[in-house]
Amino acid sequence: MTPHFSIEELTITQHRKIDNTPDERALRNLEVLANKMEEVRQILDGKPILISSAFRCLALNRDVGSKDNSAHTMGLACDFTCPKFGNVDEVFQALQHSRLEFDQLIIEKIGGKHWIHLGLREDKTQWRRQCFAING
């Protein structure tokens, strides 16, 4: 899709029993997401980004316990880390204080795992640029 983000990377899942093939709408959104992640990579000094989850079909999204209206189901969200840049707190701060446009930037610390969630919206004029943390 872009120089650093492939469709395989944006749709990979460990839940092999579920077909996570995106539809046409999700594919269009994934292209937008991949380009946004290229911007993220630039902000993070070109360091490699490790994606743990991006597109999730509705069945997969339900299987992992997420809400049906998650941006992941539309190909508009990415969960990631960038260890060569820093820990999730440092990545969060760098993105929060950048000029990056987004709907939501969430630092998630759940069950001993930590990652950044970047969420977009199809209507770019409605991006809220919300920043917050989820701990659990």
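The values are calculated or read from the model by the stated rules, or taken from the named source; none is laboratory data. Model, not experiment: these values are computed from the prediction. Cβ atoms come from the backbone with ideal geometry, glycine included; neighbour counts cover every protein chain shown.
Where in region 40-136 are the strands (runs of 3 or more DSSP E), entirely inside, with at least 1 residues that are acidic (Asp, Glu) and under 11 Å from the mean Cα position of the chain (by Cα)?
Hits in region 40-136: 77-81.
Just checking, how many residues over region 3-17 are buried (at least 17 other Cβ atoms within 10 Å of the Cβ) and either at pLDDT below 95 or not in a helix (DSSP H, G or I) (or both)?
2
With the condition kept exactly as written, say whether any residue in region 23-33 is farther than 20 Å from GLN130 by Cβ, at pLDDT 95 or above, buried (at least 18 other Cβ atoms within 10 Å of the Cβ) and of a type in the set (Gly, Ala, Ser).
Yes, that holds for at least one residue.
Go through (1) within 19 Å of GLY75 (Cα to Cα); (2) at pLDDT 95 or above; (3) aromatic (Phe, Trp, Tyr) for TRP127 and report which single condition fails.
(2)
Does ASN20 satisfy being of a type outside the set (Asp, Glu) and in a helix (DSSP H, G or I)?
Considered against the rule, which asks whether it is of a type outside the set (Asp, Glu) and in a helix (DSSP H, G or I), ASN20 comes out as no.
Does at least one position in region 95-104 carry a residue that is under 21 Å from GLY65 (Cβ atoms), out of contact with any helix residue (DSSP H, G or I) (no Cβ under 9 Å at 6 or more places or on another chain) and modelled with pLDDT of 95 or more?
Checked against the condition, which is being under 21 Å from GLY65 (Cβ atoms), out of contact with any helix residue (DSSP H, G or I) (no Cβ under 9 Å at 6 or more places or on another chain) and modelled with pLDDT of 95 or more, region 95-104 yields no hits at all.
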